[in-house]
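What follows is a single structure, written as structure tokens, with notes after it.
The values are calculated or read from the model by the stated rules, or taken from the named source; none is laboratory data. In this text, all values refer to a predicted model and were calculated from it rather than measured experimentally. Cβ placement follows ideal geometry from the backbone for every residue including glycine, while neighbour counts extend to all protein chains displayed. With ligands, DNA and RNA removed, areas are computed over all heavy atoms of the protein, side chains included. Shrake-Rupley method; radii C 1.70, N 1.55, O 1.52, S 1.80 Å.
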Amino acid sequence: MFLTYRAESSLRRQDVSAAAIDARAALDTALDTDAARCVDLVLAFLLQTSDRAEQPLVELREYARHRLTA
């Protein structure tokens with residue numbers, strides 16, 4: 001959960017790269033530990049940023065799609 005909150009904080013500071021890195025780490029950790037609530041938080045973050053076109057967020061969404069469908 002901490003990494004998701006850190007990603008949101010980075011996004012508020014306009015640090016898109018750091019936000020994407022933290023969200024990716026949060027997703028990996030949540031999926032690797034079967035932490036459903038944490039996966040939900042990361043998905044909420046992804047939905048919140050779905051209209052943003054910055055490259056790190058686009059790549060994050062593609063990565064998340066791959067991880068969630070694997």
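Counting heavy atoms of the protein chains only and a 1.4 Å probe, report the per residue accessible area for the chain as a whole number of Å².
61 Å²
What is the spin-label model distance, in nm, from Ala35 to Ala53 if the labels are put 7 Å beyond Cα along the C-beta direction?
Result: 3.4 nm between the two label points.
In whole Hz, what ³J(HN,Hα) sequence does region 4-14 give by Karplus (6.51, -1.76, 1.60; θ = phi - 60°), x for Gly and Pro?
Result, rounded to whole Hz: 5, 5, 5, 4, 5, 5, 4, 5, 4, 8, 6.
Taking a ≥ b ≥ c as the square roots of the Cα gyration tensor eigenvalues, with a/c under 1.5 meaning rounded and otherwise prolate when a/b beats b/c, else oblate, which class fits the chain?
Oblate shape, in that a/c is at least 1.5 and b/c is the bigger or equal ratio.
At 1.4 Å probe size, with the rest of the protein present, what percent of the exposed accessible area of the chain is carbon and sulfur atoms?
Carbon-and-sulfur percentage of accessible area, whole number: 54.
Could the peptides 10-17, 25-32, 63-70 be put in order, highest first, of the mean number of other beta-carbon atoms found within 10 Å of their residues?
Those peptides, ordered most packed to least, come out 25-32, 10-17, 63-70.
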